[in-house]
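Below is one structure, written out as structure tokens; the observations come after it.
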Amino acid sequence: MEMAKTREIIIKDQSETEQFGYELGQQVQPGTVIALIGDLGTGKTTLTKSIARGLGIDDVITSPTFNIVKEYRSGRLPMFHFDVYRIGDVDEMFEIGYEEYFFGEGVCVVEWADIIEEIIPEDAMIIRISYGASEGERIYEIEEN
């Protein structure tokens with residue numbers, strides 16, 4: 001079994017969040033799952049918007065809080081944006097057919113991924129976001145297999 005590689009990045013402000021997300025969006029491949037974990041207000045949706053921009057998606061990205069998943073298909077790859085904050089049970093993910101998204105040809109970005117960690121694929125990129133020392137600063141702990 002291969003050990004996950006973990007690295008830490010200090011993000012100083014929103015523009016660095018946007019740059020990081022944009023570059024990540026340009027690099028991701030079909031079937032990539034990006035699991036975002038962090039408290040309310042740490043910038044998960046801002047990062048998701050930037051990933052979408054890097055994918056060439058020009059739609060307005062909003063949090064899918066009441067839908068669980070929103071689909072965006074205008075970029076070089078489709079992006080499926082999950083917000084599982086309000087999910088009551090992991091079975092709800094089975095009901096929406098999450099496997100077709102996670103193991104398909106698009107890119108999945110999952111906000112609040114810790115809620116459904118038992119179904120996050122082993123090869124997912126996990127980004128744990130925490131507040132940094134100064135206002136606007138974030139610490140990204142990135143785990144990749």
Legend entry - Filtered residues of the range 30-56 (kept if in a loop (DSSP other than H, G, I, E, B) and open to solvent by 10 Å² or more (accessible area, probe 1.4 Å)): PRO30, GLY31, THR32, ASP39, LEU40, GLY41, GLY43, GLY56
Inset, instruction - Might you let me know whether the range 117-128 holds any residue that is under 19 Å from GLN14 (Cα atoms), modelled with pLDDT of 95 or more, open to solvent by 30 Å² or more (accessible area, probe 1.4 Å) and out of contact with any Phe, Trp or Tyr (no Cβ under 9 Å at 6 or more places or on another chain)? - result: no
Legend entry - Hey, VAL84 open to solvent by less than 70 Å² (accessible area, probe 1.4 Å), among the hydrophobic types (A, V, I, L, M, F, W, C) and either under 15 Å from the mean Cα position of the chain (by Cα) or under 23 Å from GLY132 (Cβ atoms) (or both) or not: yes
Inset, instruction - Would you point out the residue of the range 87-116, among those that are touching a helix residue (DSSP H, G or I) at 6+ places or on another chain (Cβ under 8 Å) and within 14 Å of ILE51 (Cβ to Cβ), that is surrounded by the fewest Cβ atoms within 10 Å (Cβ to Cβ)? - result: GLU111
Legend entry - Residues satisfying the stated conditions in the range 1-46, i.e. under 18 Å from SER74 (Cα atoms) and in contact with a strand residue (DSSP E or B) (Cβ under 9 Å, 6 or more places away or on another chain): LEU24, GLY25, VAL28, GLN29, PRO30, GLY31, THR32
Inset, instruction - Give just the number: which of (1) of a type in the set (D, E, K, R); (2) without any contact (Cβ under 8 Å) to a residue 12 or more places away in the chain; (3) in a loop (DSSP other than H, G, I, E, B) does ARG76 not satisfy? - result: (2)
Inset, instruction - Please give the number of the condition LYS5 fails out of (1) closer than 22 Å to ILE142 by Cβ; (2) at pLDDT 95 or above. - result: (2)
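The values are calculated or read from the model by the stated rules, or taken from the named source; none is laboratory data. Being a predicted model, the structure only gives us computed values, none of them experimental. FYI the Cβ positions are ideal-geometry reconstructions off the backbone, even for glycines, and counts take in every protein chain you see. Just the protein is used for accessible areas: all its heavy atoms, side chains included, with ligands, DNA and RNA removed. Shrake-Rupley method; radii C 1.70, N 1.55, O 1.52, S 1.80 Å.
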